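Asker: A single structure is presented below for examination.
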Amino acid sequence: MTMDRPQPAGSNSETGFWLDTPEHQAWLMEQAHRQLEFFSASCRNGPGFFLLNHDGSPQPGKLQELHNTTRLVHSYALGHLVGFQGAEKIIDHGMAYLESHHQDPEFGGYFWSLDGDRVKDDRKLAYGHVFVLLAAASAKQAGHPNADKLMANVRKALDTQFWDDDAGLFCDEWNRDWTPFSSYRGMNANMHGVEALLAAFEGTGDETYLTRAGRILDFFINKIAPEENWRLPEHYTRDWQIDRSYAGDPMFRPAGTTPGHSFELGRLQLQHWDLSGRPESGAPYSARQLIEQALHDAWLPDGGLAYTLDFDGQVANASRFWWPVTEAISAVAALITIDRKSEDERWYRMLWGYANDHFIDHRYGGWFPAVDETGKIATSIFGGKPDIYHSLQACLFPQSGRLSRMFPL
């Protein structure tokens with residue numbers, strides 16, 4: 001590590017666990033607040049949000065995608081819970097924009113993207129709608145007066161259009177008028193669906209959310225993962241058979257498996273187990289299998305995590321993005337929370353060391369989204385800094401001392 005940068009904790013040679021040290025906890029909170037400060041510049045004077053350049057200046061254009069709006073609401077709801085001054089302004093701004101612009105007044109549900117006041121992409125995607133549920137649940141935890149209204153609205157769309165009760169899973173995508181345009185089924189929307197359902201359960205106590213999250217986890221972790229050597233195929237047919245030939249968008253629907261999603265789903269398995277009262281079950285074992293397999297497969301010889309793998313665990317796309325590292329940090333922190341193992345601590349320190357040296361922008365704040373094989377900032381894929389969501393959670397989740405996503409500190 002370069003010693004002129006603030007370090008996550010003391011020497012790597014010291015014994016014990018960083019999560020137990022006041023120094024590391026203070027460093028995590030400092031990093032969280034730096035990110036919240038940086039992304040506060042996203043808020044426009046008018047409706048919507050800016051995307052930001054590396055230095056925090058706004059990018060030209062008014063394109064606004066549903067997941068960006070909702071992630072900002074969720075992230076600043078977390079910021080509100082940890083006492084960040086000014087979080088309420090961004091929560092209010094995002095909640096208003098969801099209702100005035102993203103919401104479809106004719107057919108219900110939420111548009112995928114907007115260009116200023118004009119609808120750019122009117123598709124109805126499960127991926128976007130579960131993030132609306134997450135934003136509503138997080139805003140409710142933060143005490144926003146319109147959270148219940150948003151939650152009721154998006155739940156109606158999820159219940160009537162996306163939830164397949166026979167399968168116990170969310171289907172993926174519709175035209176604006178809820179007519180089908182594909183038979184695609186995917187793991188990613190369902191994984192984020194678990195995230196949103198668990199947050200909604202924490203916010204409301206409604207057991208339906210917890211039960212549905214459990215059904216999704218059961219399919220991917222108990223049925224699919226063991227048969228795939230604890231790797232998770234991304235893409236499925238209409239009847240939920242693995243589609244090994246699918247090769248969609250190489251960034252958002254890459255072929256094969258995505259180890260970053262194994263980290264997320266493994267941590268969510270632990271969260272569901274915790275919220276269910278920690279029953280005697282195989283949940284901690286299966287979560288560990290997912291997380292450890294992804295670390296073993298994806299960690300590259302010169303550092304960083306590969307973006308995608310083949311079905312046999314061989315690296316397919318070695319691009320080093322920020323978000324798999326953040327999700328690995330959160331997943332390993334969850335393992336340490338329930339079972340102190342020295343190997344987990346080694347990974348935790350190594351992941352934070354790599355993030356601190358390569359992804360955290362110590363000058364302006366926020367995280368760079370990609371680095372090349374030499375560790376230098378890569379600018380060919382992402383313009384600016386995409387969002388706060390992944391990296392903020394990597395700083396906040398290890399502080400809670402709990403496995404739940406929402407945590408008044």
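The values are calculated or read from the model by the stated rules, or taken from the named source; none is laboratory data. Because the structure is a prediction, the values reported are computed rather than measured. Note that each Cβ is placed from the backbone with ideal geometry, even for glycine, and that neighbours are counted across all protein chains shown.
Asker: What are the residues in the stretch 91-146 that are of a type in the set (S, T, N, Q) and not in a strand (DSSP E or B), if any?
Answerer: Residues satisfying the conditions are Ser100, Ser138, Gln141, Asn146.
Asker: Sticking with this structure for a sec: Looking at the stretch 210-266, which of its residues are crowded, with 17+ Cβ neighbours inside 10 Å and hydroxyl-bearing (Ser, Thr, Tyr)?
Answerer: Answer for the stretch 210-266, where residues must be crowded, with 17+ Cβ neighbours inside 10 Å and hydroxyl-bearing (Ser, Thr, Tyr): Tyr236, Tyr246, Thr257, Thr258, Ser262.
Asker: Within the stretch 156-167, which residues are part of a loop (DSSP other than H, G, I, E, B) and either in contact (Cβ under 8 Å) with a residue 12 or more places away in the chain or farther than 25 Å from Ala200 by Cβ (or both)?
Answerer: The one that is part of a loop (DSSP other than H, G, I, E, B) and either in contact (Cβ under 8 Å) with a residue 12 or more places away in the chain or farther than 25 Å from Ala200 by Cβ (or both): Ala167.
Asker: Oh, and also: Six or more apart or on different chains, Cβ atoms under 7 Å: show the pairs whose first residue is in the stretch 92-113 and without any contact (Cβ under 8 Å) to a residue 40 or more places away in the chain and whose second is buried (at least 19 other Cβ atoms within 10 Å of the Cβ).
Answerer: His102/Leu66; His102/Thr69; His102/Tyr110; His102/Phe111; His102/Leu114
Asker: Here is a follow-up. Would you say Ala167 is among the hydrophobic types (A, V, I, L, M, F, W, C), over 29 Å from Gly61 (Cα atoms) and either modelled with pLDDT under 95 or out of contact with any Gly (no Cβ under 9 Å at 6 or more places or on another chain) (or both)?
Answerer: Details: among the hydrophobic types (A, V, I, L, M, F, W, C): yes; over 29 Å from Gly61 (Cα atoms): yes; either modelled with pLDDT under 95 or out of contact with any Gly (no Cβ under 9 Å at 6 or more places or on another chain) (or both): yes.
Judged against the criteria, Ala167 is a match.
Asker: So which residues in the stretch 230-242 are of a type outside the set (A, V, I, L, M, F, W, C) and either in contact (Cβ under 8 Å) with a residue 12 or more places away in the chain or closer than 25 Å to His296 by Cβ (or both), if there are any at all?
Answerer: Arg231, Pro233, Glu234, His235, Tyr236, Thr237, Arg238
Asker: Would you check which residues across the stretch 45-64 are in contact with a helix residue (DSSP H, G or I) (Cβ under 8 Å, 6 or more places away or on another chain) and touching a residue at least 24 places away in the same chain (Cβ under 8 Å) and list them?
Answerer: Pro47, Gly48, Phe49, Leu51, Leu52, Gly56, Gln64
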